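Every number in this text was worked out from the coordinates using simple rules, so none of it is lab data. What you see is a predicted model; the values in this text were computed from it and never measured. Don't worry about glycine lacking a Cβ; one is built from the backbone with ideal geometry, like all the others, and counts go over all protein chains shown.
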Amino acid sequence: MKKVIVVLLTIGIMLSSSMAFAVDFKDSVDGYDIAFDSLVFRPLGVAATMGGSIIFFISLPIAAITDSIEPAAELLVKDPYRFTFVRPLGEFKSL
C-alpha cells in the first residue's frame with residue numbers, strides 16, 4: 001500500500017507541476033498548439049486533477065493535523081484544475 005501511495009504522489013506531482021513548463025511560451029497561438037493541447041495536455045490535466053483529488057482525500061487527515069489543508073489543496077487539486085479547465089485552449093503561459 002505504501003508503494004502505491006508513493007507512486008500516486010509522484011505521478012500527481014509530476015503531472016501537476018511540470019505540465020505548465022513543458023512547452024515554450026509563445027505570444028500567438030496556432031493550430032498545432034490547440035491540437036496538441038486538446039489531444040495531450042487536457043486529458044493529462046483531467047487525470048492529474050482526478051489523481052490529485054484522490055491523493056488529497058487520502059492525505060486529508062495528516063494535512064488537518066499539520067494545519068496544511070490549504071497548501072495541499074492548492075498543489076494537488078486547484079493547480080491541475082486551473083491548468084485543465086480555466087486556461088484558454090492552446091495557451092501555455094502560467095496562470
Of residues in the stretch 60-84 being touching a Ser or Thr at 6+ places or on another chain (Cβ under 8 Å) and either in contact (Cβ under 8 Å) with a residue 60 or more places away in the chain or not small (Gly, Ala, Ser) (or both), the one farthest from VAL46 (Cα to Cα): LEU75
Pick from the stretch 66-95, criterion out of contact with any Lys or Arg (no Cβ under 8 Å at 6 or more places or on another chain), β-branched (Val, Ile, Thr) and not in a loop (DSSP other than H, G, I, E, B), ranking: surrounded by the most Cβ atoms within 10 Å (Cβ to Cβ): VAL77
